[in-house]
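Written below as structure tokens is the structure these notes are about.
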Amino acid sequence: MSQLTLTAVTKRYGRKTVLDSVSHVFTPGLTLLVGPSGAGKSTLLRLIATAEAPNSGSLAWDGGNRSALRRTLGYAPQAVDLPDDLTAREFALHIAALKGLEAGVADRQFGQITDAIGLNADINNRIASFSGGMRRRLIFAQALLGQPQLLALDEPTAELDGETARKLGALIVERAKEAVVVMTTHLADELAPLATAVLRVENGRLTPQ
Ligand SMILES: Nc1ncnc2c1ncn2[C@@H]1O[C@H](COP(=O)(O)OP(=O)(O)OP(=O)(O)O)[C@@H](O)[C@H]1O
Ligand SMILES: [Mg+2]
């Protein structure tokens with residue numbers, strides 16, 4: 001079974017210790033991260049997504065290394081600058097190429113995902129014309145490309161109306177049947193009954209709640 005193992009992971013920024021020797025095994029299913037603003041939820045997701053490295057400790061995917069982890073990863077960051085000059089579809093195909101996905105497969109998947117979250121009508125428009133909620137859905141859609149076995153989602157439902165947020169939730173829950181999904185969301189209460197685990201990030205620690 002695919003799993004992600006964190007062993008004594010410590011992350012500091014300057015003199016501030018955000019994560020203090022955190023150990024946890026993430027198994028397939030939906031894991032929700034909750035905790036106050038500034039507690040380190042995004043930091044933990046960046047480490048899981050290998051966008052940053054810990055100061056000490058390790059992250060292992062099925063006992064493999066960082067490159068094994070990257071090959072199967074989907075990541076939706078909390079904040080990201082999208083390339084305004086590209087259409088959503090061009091951007092998605094670019095990400096898919098980086099993931100090693102065949103263009104035809106990627107195009108089909110992107111069509112299905114955007115269809116399910118109400119973005120399909122806009123995929124041939126330039127990102128410059130996108131609203132905040134459309135950008136958020138595009139960031140989410142690119143993360144799902146390639147059916148990743150590890151999905152790190154940072155506030156994917158922010159800026160979305162309730163109905164659209166629930167559409168994303170349905171796709172997330174579907175993927176979590178197979179994949180290790182770790183996410184933060186302002187809809188944690190709503191998704192908690194469907195989650196495998198709810199973990200609280202606070203004071204450098206990760207505790208089940
Ligand atoms: N690149 C950085 N340089 C310095 N400090 C940082 C950096 N990134 C995060 N921090 C600090 O680390 C702490 C954790 O930030 P993080 O963004 O992980 O919190 P969060 O739980 O995601 O908060 P929110 O709920 O507001 O998104 C904060 O004190 C933040 O100021
Ligand atoms: Mg955050």
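Readers should treat all values here as calculations from the given coordinates under stated rules, not as data from a laboratory. As the structure is a computational prediction, the values presented were derived from the model and not from experiment. All Cβ positions, glycine included, derive from the backbone under ideal geometry; neighbour counts span all protein chains shown.
Odds and ends about this structure:
- Cβ-placed point charges (K, R +1; D, E -1), dipole of the range 143-209 about Cα centre in debye, nearest 20: 280
- Reachable lysines from LYS167, criterion Cα separation under 18 angstrom, eight or more residues apart if same chain: LYS177
- Label positions at ARG66 and THR7, each projected 7 Å from the Cα along the C-beta direction, are separated by 1.7 nm.
- Overall, the anisotropy analysis places the range 1-118 in the prolate class: the square-rooted eigenvalues a ≥ b ≥ c of its C-alpha gyration tensor yield a/c not less than 1.5, with a/b exceeding b/c.
- Given charges at Cβ of Lys, Arg, Asp, Glu: the range 52-130 dipole, positive-most of GLN78, ALA53, GLY104: ALA53
- Gaussian network model of the chain, Cα within-10 Å springs - most flexible of LYS41, LYS99, LYS16: LYS16
- In this Cβ point-charge picture (+1 for Lys and Arg, -1 for Asp and Glu), the range 1-107 has a dipole of about 560 debye about its Cα centre.
- The orientation-averaged shadow of the Cα convex hull for the chain, equal to a quarter of the hull surface, comes to 11.1 nm².
- With helices as the sole contributors, the chain gives -10000 deg cm²/dmol at 222 nm; each DSSP H run of n ≥ 4 counts as -39500 (n - 2.57), and the sum is divided by every residue.
- Here the chain is treated with +1 on each Lys and Arg Cβ and -1 on each Asp and Glu Cβ, and its dipole about the Cα centre works out to around 660 debye.
- Residue among GLY204, GLY133, LEU30 farthest towards the positive dipole end of the chain, charges placed on Cβ: GLY204
- Taking a point 7 Å out from the Cα of ALA103 in the direction of its Cβ, the residues of the range 74-93 whose backbone N falls within less than 14 Å of it are 89-93.
- Amide H contacts under 5 Å for GLY74, placed H, 5+ residues apart: LEU150, LEU151, ALA152
- Toward the positive end of the charge dipole of the chain, with +1 on the Cβ of Lys and Arg and -1 on the Cβ of Asp and Glu, the farthest Cα among THR87, SER21, GLY162 is that of SER21.
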